[in-house]
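What follows is a single structure, written as structure tokens, with notes after it.
We did not get these values from a lab; they are worked out from the coordinates using the rules stated. This structure is a prediction, so every number in the text was calculated from the model and none was measured. Cβ placement follows ideal geometry from the backbone for every residue including glycine, while neighbour counts extend to all protein chains displayed.
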Amino acid sequence: MNRAVFLDRDGVLNQPVVREGRPFPPATVAELRLTDGVAADLTQLKAQGFLLIVVTNQPDVARGTTSRESVEEINTALRAALPLDDFYTCYHDDSDACDCRKPLPGLLLAAAAHHHIDLAASYLVGDRWRDIDAGAAAGCRTILIDCGYCERAPAHAPDHRASTLQQAVREILRDFHCFPKPSHG
């Protein structure tokens, strides 16, 4: 079994566009801005053997305000710039009632099945309540990067809070040394 760090995209790997206290994804690759130190932070996790898997809601596709191609271009740019292992993207809105839109754990469960991931030995790092609730529902440890958005709190308290990805990585690496390595099998 493998360990993973599931990462939300906007607000964790790249800077969101914040309007009226709410985060939104960049609309194009030209608007994409990586968060400070993200490549070095992820490299530390890779060095400890974690798979790095992006799990992202992109409901603007279902809403018709952005194209799937624009989302994929941003994902491709992130994959080229960062040591990421895979992307799982939900293109639905709440009204679609899919099982992949966070806070439901469908993206994490699909990735776990495909990559043989031990969810109990894995983490989800996100900046919104939907991320934390999805990680908790999947059985992962969770870290909220608290950006002070104007939205509701997660139903499940995060295991850790951080103000940056760098702080989240420090928490993971601190925890990592306290847990036995999963068996390979």
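How large is the translational diffusion coefficient of the stretch 1-88 in µm² per second when you combine the Kirkwood radius over alpha carbon pairs with Stokes-Einstein at 25 °C and 0.890 mPa s?
181
Which of rounded, prolate or oblate describes the stretch 90-140 when judged by the alpha-carbon gyration tensor and an a/c cut-off of 1.5?
Oblate.
Pairs of alpha-carbon atoms within less than 8 angstrom and 6+ residues apart define the contacts here; what relative contact order does the stretch 1-143 have, in percent?
Relative contact order here is 29 percent.
Taking amide H positions as placed 1.01 Å from N in the peptide plane, with prolines and chain starts having none, which residues 5 or more places from C90, or on another chain, fall under 5 Å of its amide H?
Sorted by chain and number, the residues that satisfy this are T56, N57, Q58.
Hey, for a label at D96 modelled as a point 7 Å past Cα toward Cβ, could you say which residues of the stretch 25-54 have their backbone N under 16 Å away?
25
Want the number for R79 to A155: 0.36 nm per residue separation, take away the alpha-carbon distance, what's left?
Extra length available between R79 and A155 comes to 24.3 nm.
Which residues' amide hydrogens lie under 5 Å from the amide hydrogen of L124, considering only partners 5 or more residues apart or on another chain, with H built in the peptide plane?
Amide H neighbours of L124, under 5 Å, 5+ apart: F6, R141, T142, I143.
At 222 nm, what value in deg cm²/dmol follows for the chain if DSSP H runs of at least 4 each add -39500 (n - 2.57) and the sum is divided by all its residues, to the nearest 500?
Estimated from H runs of four or more residues: -9500 deg cm²/dmol.
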